[in-house]
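Here the structure is laid out as structure tokens; the discussion comes afterwards.
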Amino acid sequence: GALNIYARRADAFDEDARAAATRFGPYAAVAAGNLHAYRSARDMADNLQAALEYRAVIDQAKGVLIERYKITPDQAFQLLAQASMHANRKVRDIADELVHTGELPVVVPRGEGGRRRPGPASGRPGPDAPRHS
């Protein structure tokens with residue numbers, strides 16, 4: 001790294017000032033590097049904490065779907081992923097809504113006569129819902 005020191009006039013720094021700046025430079029570089037490392041570690045910790053919280057909500061939502069439809073954990077995640085794609089929202093947001101409202105927010109295709117076909121949002125599996133064997 002480099003340490004730039006500025007003054008309003010030319011020749012503002014004498015030999016002693018330049019020597020002091022030269023001695024101070026490496027310490028400033030270490031401090032700047034430590035700040036960068038601290039911020040990176042803090043960001044990583046925040047991201048890991050958020051991931052743990054999101055995982056808990058997703059696991060809770062999977063549990064709701066497993067119980068409701070008698071399906072496997074993988075099938076429950078697939079339902080969350082499908083709802084996420086249909087609604088153009090993140091899986092964690094879909095899971096959070098399911099946990100808090102009990103409903104899976106999906107766009108259910110309309111059947112014949114313009115009526116909505118039963119789907120996960122209505123509490124009953126639709127024709128494309130995974131079947132438990």
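The values are calculated or read from the model by the stated rules, or taken from the named source; none is laboratory data. Here the structure is a predicted model, which is why all the values come from computation and not from measurement. FYI the Cβ positions are ideal-geometry reconstructions off the backbone, even for glycines, and counts take in every protein chain you see.
The residue that is modelled with the lowest pLDDT, among those in the range 1-30 that are exposed (fewer than 10 other Cβ atoms within 10 Å of the Cβ) and of a type in the set (A, V, I, L, M, F, W, C), is 2. Select from the range 23-77 the residues that are among the β-branched types (Val, Ile, Thr) and either in contact with a Phe, Trp or Tyr (Cβ under 8 Å, 6 or more places away or on another chain) or without any contact (Cβ under 8 Å) to a residue 12 or more places away in the chain (or both) and write down the one among them that is nearest to residue 2 (Cα to Cα). So the residue we want is 30. Answer with yes or no whether residue 98 is buried (at least 16 other Cβ atoms within 10 Å of the Cβ), modelled with pLDDT under 90 and of a type in the set (A, V, I, L, M, F, W, C). When the stated conditions are applied, residue 98 does not pass them.
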